[in-house]
Amino acid sequence: MSRNVASPMNAKTLALAAVVIIVVVAAAVLFMAPKPTPVERKVLRVAMGTDIVTLDPHDVPDNPSIYVISNIYEGLVEYDDKLNIKPVLAEKWEISPDGKVYTFHLRKGVKFQDGTPFNAEAVKANFDRLFNNKELANRNRLVPFIDRVEVVDEYTVKIILKEPVATFLNLLCHPAGMMISPKAIKEGVDLKHHPVGTGPYKLKEWKPNTYIELEPNPNYWGGTPKLAGIKFLVVPEDEARVQMVESGDADVAIRVPAIDVQRLKQNPDLNVNVTRTIRIVYIGANMRSPRLQDKRVRQAISLAIDREAIVEKILHGVGRPAKSVLAEELIGFYDTGKLKYDPEKAKQLIKEAGAEGLQLNLWTPKGRYPGDYEAAQAIAQYLEAIGLKIKLRVWEWGSYVAELLKKPEDASPDRDLFLIGWAPSTGEYIGVFRPLFLSESIPKFNLWFYSNPKVDELIKKAEHAPRDKIVEYTKQIQEILLDDLPAIPIYNPGDVVVYKKGIKSLYYIPTEVILTKYAYFGSGG
Amino acid sequence: MLMELDPSTRRTLRRALRNRNIRVGGVIVAAFVLMGLLAPFIAPYDPTKGNLRDSLLPPCPKYPFGTDFAGRDILSRVIWGARTSLIVSTVSVFIAVVAGILVGGLSAYVGGWIDEVVTRIVDVMLSFPDILLALFVAAIVGPGLENVIVAVALYNFPQFVRIMRGSALQVKEMEYVEAARAIGESNASIFARYLLPNSLAPIVVHATLRTAASILTAAGLSFLGLGVQPPIPEWGQMMSDARTYLVTAPHVWVFPGIALFITVLGFNLLGDGLNDVLNPKMEV
Amino acid sequence: MSDLARYVIRRIILAIPTLLGVSVIVFLMIHMLPGDPAQLLAPPEATIQEVEMIRRRLGLDKPLWEQYIIFMGNALKGEFGKSLFTGHTVSELLWPAYLNTLTLSVLAMGFGLVIGVLMGIYAALRPNTVRDQAVTSLSLFGISMPVFWLGLILIEIFSVWLRLLPSGGSGTPKHLILPSLTLGLVGAAYVGRATRASMLEVLSQEYVRTARAYGLPDRLVIYVYALRNALIPVVTVAGLIFGYMMAGAVLTETVFSFPGLGRLIVNAIFARDYPIVQAGILVVATTFVAINTAVDILYAFINPRIRLG
């Protein structure tokens, strides 16, 4: 008999050994895998959809980062959930009769997380940073309006404006007004990754794309924080966030899909908070694209879209059709009645403009705004129905932002229509008009490269108008913008936050910030 | 250069038709191909145009498979999806086979250092598992239908080079090839008359199996978002939003998944059957 | 030096040009993209000076072969540069993800082997009966099944209906079960087919028939003699499948939001975060080559005929 197989002894031993090894390895791995930590009632676990971009409040371009930043940093004032202004690091203030001088009396006994005392010098140091560092993304929220900052005494500081601004205190609620430790600023600490504020929590660990963990600041001026910590978990998949809060793996879920609201409301352990926001999602139109030069094309695009259907079918009712470039709650809002659904008129305009068969690129992110990707596809369908040819391109958020923020000369020539949202963290009209529609704001954040001197002039007038005259100017601005349509407003998404019953003092600020800094587990939580 | 139907070929054909795998697989594959070819005529709606007011409807008389989030009819999209998969898989496998035959056959025939180099390159290409190579190509050229075809063809190509080369190496040494060379037959003629037909069997089997794998890979790429882009209907792409509608609208992903599964199954059955018939092993 | 040792050395040496080829292709990736390589490898907000710094540091103004040396030098040190969008180094992101995928694949392989081998034996013992048909059909289903569809169905059943297991994410052993089961079932199909075929062949071998003729108890014959021989080619298949799992886990990881290497690479491709893409593909391809080499060596170890060839 020929030796046509391996000798039984070797083969047997080896086969057996192989199987045993695999089983042992699998068992060892299971054994060594981190055991589920017993539910620590005292750490608040928040499931959110994207990783944060930076922890530097003067440079933060997106809202998710603000969720975390708002626990570490504080400003002179802040918003509550009804958009009222509350004192934080400033206890009280006076405004001069001419509206140009704001005198702030600062809270005493406050220390930054690195031990530096908070005082008027610290406030000045922060504004100096905003003035000097021209790269900071948010400096233009405040810098263009301020003439100078004066230290009066240790706990009194004056901010002197160039012109009166009726909503200046609102502007200070923006993260640009948050106070960073002057020592950290001076030493050039990497504030993107190593924040030093006055808030109740400080950074423990930022594991990219996985979680950001905060621990309590024992020296917080407001008393010992009531949580053992806050852990923001990065969970990009909407469904996964919902499941986590249903199964107890998370305490709070942000940006819950509208489609789950009904079901979650039936759950006795959970609170469902459907809120309004001040965000508008637009279809931006590149004013420098050769294909979009004709105003009639842009107007046709606006008329072709059934905004009600989008809100009903894609947002499942969590939201409202946009009525203007501003959300309805904002100071300065005016309904021009121009945003209608009229596909017949749209077709007519396209014919008049000779734009039948015109090929346009439509860019959209996916998962950044509620219903963004789906709305973009629906919009593509609407536009094709009036005779345009749409090429859809889906972008990942990071590279989308990078592309959109490019200067006009560096920007891709393919930029035509792009879906983008904006929520002014200032809670009022200046936070929309100035960054989005002022010529000087090209490219941050005038992404449509719109330049209209009349609008520029009106915006500047509106900024300095007394409270009761504001709408006179903003009305004109909105009439022009909704005629020129550099940014075509589509919808105003709502937001859904789901959290365990028993959690108290969890606030949703309509500027799309979930304020966890005061939250705690009440009884039964 | 006709290959006449001699008795042995006829016998093979008859055996083929009796093989159950070939029958069942063949029917499925034929259905798939027909669906793809006739899509414009048999699909009830335009797959790229939906009525938003009809979004996410469950299966009903108006829309037998229901609608997706944009109000598009899923039955029509499944039918047109067959067309997309048909195009992607057949074109990419065809390119891979033709290129593979040429490169593999020539390389084996010519031999020498050219053969060595080709083998090395093929080895390197084979050291990338399919999704990875497809991802690599997607990273470079971006998403899109044409690019998926390129990526899948690129993955299949080295496999056919190997098969062809293996076959050609064997045939090269055969007596009748030596004889043909001796009497001065041209290389091209030798290639076509001897090398090619003898490699046909393993290549046909492998091509069938690779078509199945190509459909899966293309669907996988589209599922990830790197393949065919909306609104072009593609089964994998239709399933990419599945997580959102897992609970509330499962019809959105169940039907394309079934279509994909059955089609791939059909090709695998066919390939297995062809393997049984063309490479017979001893029955146990 | 024994045959075996010689073979091992030869096999390892043969793997080297393949690895080199892989690294060259991955290295060339940046140059195959449209645009200036230094720009592509710089964070989007980088200033002109920063781009130039990167150009100098990576030697992008030098001839291609020098650049390759720099690239490989860094790679071997484990330095793959910095992720463009998160500011973290690629290594920080890569190795935890790699470990996760490895864990997933090992578990999946475990499932696959156990289920597949058992199924294969079950079928081979009674060939051409209903049992055999059932197993063969199941295996065929398994290899035709799109792995992401299978994952979705398992999620629907175990997460949504039965609420037994989490549908995604990571952190506890529970999170590993569904993804590894999904991958494992597909692997089991391949292993099952190979086991059945191999067992059938072995059972028909002369010496088995002889042993049976000599009256040795059937069970002894089957398990002791046939199985160990039948498992030889199965080991090869298993090894290859493990390699595919490491790479192909991409789809499973996406369905289950599992933070593995495949998902990292896919997200990086969308984000055009090229340092991650390059490093990820290099690591996976290298692993694949290593596994193939290991499988060949293992095979030679248990089948002496190969060593002599």
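Computed from the coordinates by the stated procedures, all read-outs in this text should not be read as laboratory data. Computed from a predicted structure; not experimentally measured. Backbone-built Cβ (ideal geometry, glycine too); neighbour counts: all protein chains shown.
Among the listed pairs A:K82/A:K501; A:K124/A:K366; A:K86/A:K162, a Cα-Cα separation exceeding 31 Å is found for A:K124/A:K366. When chain B is treated as a GNM with alpha-carbon contacts under 10 Å, the residue of B:G184, B:G25, B:G111 showing the greatest mean-square fluctuation is B:G184.
Label-to-label distance for A:K340 and A:E308 is 1.3 nm, based on points extended 7 Å past Cα in the beta-carbon direction.
With R₀ set to 60 Å, the beta-carbon distance separating C:L138 from A:D98 gives a calculated FRET efficiency near 0.10.
With R₀ set to 25 Å, the beta-carbon distance separating A:L16 from C:L4 gives a calculated FRET efficiency near 0.80.
Of the DSSP H helices in chain A, those with a Cα length along their own long axis of 24 Å or more and a mean Kyte-Doolittle hydropathy reaching 0.5 comprise A:8-32.
For region B:196-211, putting each phi into the Karplus relation 6.51 cos²θ - 1.76 cosθ + 1.60 with θ = phi - 60° gives couplings of 4, x, 6, 8, 4, 4, x, 5, 4, 4, 5, 4, 4, 5, 5, 4 Hz, in residue order, rounded to whole numbers and with x for Gly and Pro.
For A:E91, the amide hydrogen comes within under 5 Å of the amide hydrogens of A:H105, A:L106, A:R107, counting only partners 5 or more places away or on other chains and with H modelled in the peptide plane.
Spin-label model, B:F94/C:L64: points 7 Å from Cα along the beta carbon direction are separated by 3.2 nm.
What does a probe at A:K204 reach in region A:219-244, counting residues whose amide N is under 16 Å from the point 7 Å along Cα→Cβ? The answer is A:219, A:225-234. Candidate cross-link partners of B:K62 among the lysines, defined by an alpha-carbon separation under 25 Å and a same-chain spacing of 8 or more, comprise A:K313, B:K49.
Here the peptides C:238-246, A:345-353 are ranked by packing, the mean other Cβ count within 10 Å, and the order with the highest first is C:238-246, A:345-353.
In this structure, the amide hydrogen of A:Y429, modeled 1.01 Å from its nitrogen in the peptide plane, lies closer than 5 angstrom to those of A:I331, counting only residues at least 5 positions away or on a different chain. Rounded to the nearest whole Hz, the Karplus-based 3J(HN,Hα) values (6.51 cos²θ - 1.76 cosθ + 1.60, θ = phi - 60°) of region A:316-322 follow the sequence 6, x, 8, x, 9, x, 6, with x at glycine and proline.
Among C:L203, C:L164, C:L231, the largest mean-square fluctuation in a Gaussian network model of chain C (Cα springs under 10 Å) belongs to C:L164. Between A:T224 and A:V143, the contour length at 0.36 nm per residue exceeds the Cα-Cα span by 25.7 nm. Here the calculated FRET efficiency for C:V130 and C:L76, from their Cβ-Cβ distance with R0 = 45 Å, stands at 0.20, rounded to the nearest 0.05. Averaged over the residues of A:172-179, the number of partner chain Cβ atoms lying within 10 Å of the residue Cβ comes to 0. Across region A:109-117, computed HN-Hα scalar couplings (Karplus, 6.51 cos²θ - 1.76 cosθ + 1.60, θ = phi - 60°) run x, 9, 10, 6, 5, 9, x, 5, x Hz from first to last residue, x flagging Gly and Pro. Restricting region C:1-88 to GluC sites (Glu not before Pro) that sit in a DSSP loop and have at most 15 other Cβ atoms within 10 Å of their own Cβ leaves C:E45, C:E79.
Between the amide H of A:F112 and those of A:F118, distances stay under 5 Å, these residues lying 5 or more places away or on another chain, with hydrogens modeled in the peptide plane.
Remark: spin-label model distance B:A182-C:L164 equals 7.1 nm, labels positioned 7 Å along the Cα→Cβ axis.
Remark: mean inter-chain Cβ contacts per residue of C:263-275 equal 5, using a 10 Å Cβ-Cβ cutoff to other protein chain atoms.
Computed over the protein assembly as shown, the per-residue total of -39500 (n - 2.57) for DSSP H runs of n ≥ 4 gives a 222 nm mean residue ellipticity of -17000 deg cm²/dmol, rounded to 500. When the C-alpha to C-alpha distance is required to be over 29 Å, the pairs from A:K340/A:K500; A:K92/A:K207; A:K295/A:K444 that qualify are A:K340/A:K500; A:K92/A:K207. Inter-chain neighbour count for B:212-225: the average number of beta-carbon atoms from partner chains within 10 Å of each residue's beta-carbon is 4.
Each peptide in A:121-128, C:293-300, A:507-514 gets a packing score, the mean of other Cβ atoms within 10 Å over its residues, and the list from highest to lowest is A:507-514, A:121-128, C:293-300. The spacing between region B:1-69 and region C:72-102, judged by their C-alpha centroids, is 45 Å. Ranking of C:I54, B:I114 by neighbouring Cβ atoms within 10 Å, starting from the fewest: B:I114, C:I54. Extension gain for C:E52-C:S91 works out to 11.7 nm (0.36 nm per residue, less the C-alpha to C-alpha distance).
Pairwise Cα distances in chain A exceed 45 Å for 21 percent of all pairs.
Could you sort the peptides A:472-480, B:192-200 by per-residue average Cβ neighbour count (10 Å cutoff), highest mean leading?
A:472-480, B:192-200
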